[in-house]
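To start, the structure under review is shown below, and the notes come after it.
Any read-out appearing in this document is the output of simple, stated calculations on the displayed coordinates, not a laboratory observation. Just so it is clear, the model here is predicted, and its values are computed rather than measured. No Cβ is skipped: glycine too gets one built from the backbone with ideal geometry, and neighbour counts run over all protein chains shown.
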Amino acid sequence: MRAVARWLAAVAVGVIVFEGLDGLASSPLVTGWISVAASLPSFSPLLCGAAAAGAVRQHAVGALLAAVAAVWVRIGVDSAIGMLHGIHPFSEAGLFLLAQGMLWMPFAFAGGAGAVLGRGAVRRARAARGARVSGT
């Protein structure tokens, strides 16, 4: 049960990073910097996947699933918030959201893979340093 809670928390971290970057891109502080504001939403799925995979302390498969799931949870959260505000999506909205999610998934997966590979490199470096310190 604890592993499931950690996985769900990691997905939530990914969603928070995604929403935070998109919110930052639309803030008055950043919109004056046109190139930064235009590029932040492009990196949101990548950094979302990296954050989700980095936050979960599980094997690579669980981390990569968290990275990809964060994208879909973000789409669901945005849709639910819109409905709570009284926005009724048009009939083709489901296809649009499906296409958007399919476009974001490879970026989230790549960000998650980068986090998993980075975590493995750090782990190997610590093991090598520990072996060097102990004299073996």
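In a Gaussian network model over the chain where Cα atoms closer than 10 Å are linked, find which of 91, 79, 44 has the largest mean-square fluctuation. Maximum fluctuation in the GNM of the chain, among the listed residues, is at 91.
Report the relative contact order of the chain, percent, no decimals, based on alpha-carbon pairs under 8 angstrom and at least 6 residues apart. Rounded, it is 30 percent for the chain.
On the basis of the beta-carbon distance and an R0 of 30 Å, residue 127 and residue 9 show a calculated FRET efficiency of 0.65. For the chain, the Cα gyration tensor yields ellipsoid semi-axes of 33, 19, 12 Å (square root of five times each eigenvalue, largest first, whole Å).
Largest GNM mean-square fluctuation across 90, 107, 18, computed for the chain with C-alpha springs under 10 Å, falls on 90. Ellipticity at 222 nm from helices only: DSSP H runs of n ≥ 4 in the chain, each -39500 (n - 2.57), divided by the residue count, give -30000 deg cm²/dmol. The slack in the chain from residue 110 to residue 42, taken as 0.36 nm per residue of separation less the alpha-carbon distance, amounts to 23.2 nm. Between the Cα long axis of helix 93-134 and the first principal axis of the chain there is an angle of about 20°, rounded to the nearest 10.
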